[in-house]
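The values are calculated or read from the model by the stated rules, or taken from the named source; none is laboratory data. It should be emphasised that the depicted structure is a prediction, and the values quoted were computed from it without experimental measurement. Here Cβ is always computed from backbone atoms with ideal geometry, including for glycine, and neighbour counts include all displayed protein chains. Remember, those area values only see protein heavy atoms, side chains included, never the ligands or the DNA or RNA. Shrake-Rupley method; radii C 1.70, N 1.55, O 1.52, S 1.80 Å.
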Amino acid sequence: MPPSRRASAVVVGVYAAAAALAWWGLGRTLWDGVAERGTALGFGVLIAVGELTRWAPARTGGPGRAARERESAPLGAAGALAYALLGEVGGRPTTHGVPQVLAVVLAAGLVGLVPRIALGRGPALDHLARRLLTVGFAAVCFQPLHSTGTLVARPADGPAHPLFLVGLLALTALCDAVLAAALARARTGWPYGPLLRDELRALLGIGSAVCATGVVISLATAVVGLWALPVFCLPLLLTQFAFRRFADVRTTYHQTIASLARATEIAGYTPHGHARRVAALSRAVGRELGLNELDLDVLEYAALMHDIGQLSLLDPVPAGATAPLPPAEQRRIALLGGAVVRQTGVPAEVAVIVERQADPFRDQPVTARIVRTVNAYDDLAGESAGTGGPLRALERLRLSTAQDHEPGVVEALARVLARNGRTG
């Protein structure tokens, strides 16, 4: 089966499973009636508020970055998981069951989609499907045990009950990470391993806060009732706003670096859009080679500023291509560029990549090899304008792998270009 069809099969399978759970939960709830309506309404409002707060204006980080957030509605996720693990309210046992959990989460999720649809951005169906499947998994693992009294007769009750809930939510978060990586793989074509690794790393941050808040809300509601919802969700809501502010700061920082990188274009040293193209393509190649998010950020900054040393030249190099220059001159430009980069406050690794891009590729770190190869490709593709230009540029890179470019980086670049339809 071709990769595109396999990707489509993954998305269709996830949607089909989520739709089946949604119809079953909604149908059973309508047939049996809503149990404990006040509790259902309270958790439904909490989840809906969490979903609505996620739709603050999203800001992507720049070229080559994925326009998605791993958990853009942590409050909604925590509320949904807490309702799935809810066994008592104010000391009284609950009877809502798995179908009602799914129905409440579905209704709240649909409410959260309204602003997005009103803004013309389209529904975030991947997010809703993941939410239904992961919450359904947690509810199926907990609610039958609770309703049959199995938990009371097992060590999972009493002092071990919180540990049981934490373990169950950890397993649920792991399933969500696997599902999120699979959907991202289907949507983007990026390698599954690095995507899963990044999802698992994210669990140590906001993911752990979501799981902890879900457990706390569930346990507190069992003791004090619905008053626990506004009290114990407030810290996570404040954390969510803090993450948003942090993301805004990072976006502003990235825009500042991108503006500085355009100095060579404004001065006429490099072609228009060259730095942006090299940054986007370098990030894609780095992801193809399995770099993590932190390394991808460093790689992108270095790619944006890789030509900043050309500002030291009295006369611009034709088309900004430094490859024809003598090695000593290439090295001098790279070192001057690194010195400029060190004054911008970016991580030191960025300056190292800029300084090392003129070294023999066998002596370079992989990030410098990527910038070197992608920069050469953009220069060659610009020289070979017209139909087949990108393909001819790629073939020229392959012919120089013995001396100037690492074969693995060139092949990763070829895969990225083929996936984006840019080698025709």
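Remarks
- Odd one out for L179 among (1) within 30 Å of V285 (Cα to Cα); (2) at pLDDT 90 or above; (3) surrounded by fewer than 20 Cβ atoms within 10 Å (Cβ to Cβ): (3)
- In the range 116-123 there is no residue that is open to solvent by 20 Å² or more (accessible area, probe 1.4 Å), part of a helix (DSSP H, G or I) and at pLDDT 85 or above.
- For the range 4-17, the criterion of being more than 22 Å from A180 (Cα to Cα), open to solvent by less than 80 Å² (accessible area, probe 1.4 Å) and at pLDDT 90 or above is met by none of the residues.
- Output for the range 182-199, where each listed residue is in contact (Cβ under 8 Å) with a residue 40 or more places away in the chain, open to solvent by 30 Å² or more (accessible area, probe 1.4 Å) and assigned to a helix (DSSP H, G or I): R185, R187, T188, G193, R197
- Selected residue (criterion: nearest to A77 (Cα to Cα)) from residues of the range 43-57 that are open to solvent by less than 20 Å² (accessible area, probe 1.4 Å) and at pLDDT 90 or above: I47
- Considering only residues in the range 267-322 that are surrounded by fewer than 24 Cβ atoms within 10 Å (Cβ to Cβ) and of a type in the set (D, E, K, R), the one that is farthest from G193 (Cα to Cα) turns out to be D315.
- Restricting the range 240-263 to residues that are hydroxyl-bearing (S, T, Y) and in contact with a Ser or Thr (Cβ under 9 Å, 6 or more places away or on another chain), the residue that is nearest to T344 (Cα to Cα): T256
- Residues (touching an Asp or Glu at 6+ places or on another chain (Cβ under 8 Å) and aliphatic (A, V, I, L, M)) located in the range 281-301: L281, V298
- The set of residues in the range 339-360 being at pLDDT 85 or above and among the acidic types (D, E) consists of E349, E355.
- Search result, residues across the range 275-303 that are part of a helix (DSSP H, G or I) and over 20 Å from T256 (Cα atoms): A284, V285, G286, R287, E288
- Qualifying residue in the range 117-125 (condition: among the β-branched types (V, I, T) and over 21 Å from V215 (Cα atoms)): yes
- Checklist (1) open to solvent by 30 Å² or more (accessible area, probe 1.4 Å); (2) under 16 Å from the mean Cα position of the chain (by Cα); (3) small (G, A, S); (4) modelled with pLDDT of 85 or more applied to A247, failing item: (4)
- Residue check for S259: over 22 Å from E355 (Cα atoms), in a helix (DSSP H, G or I) and of a type outside the set (K, R): no
- Residue in the range 108-118 that is closer than 18 Å to A20 by Cα and of a type in the set (V, I, T) present: no
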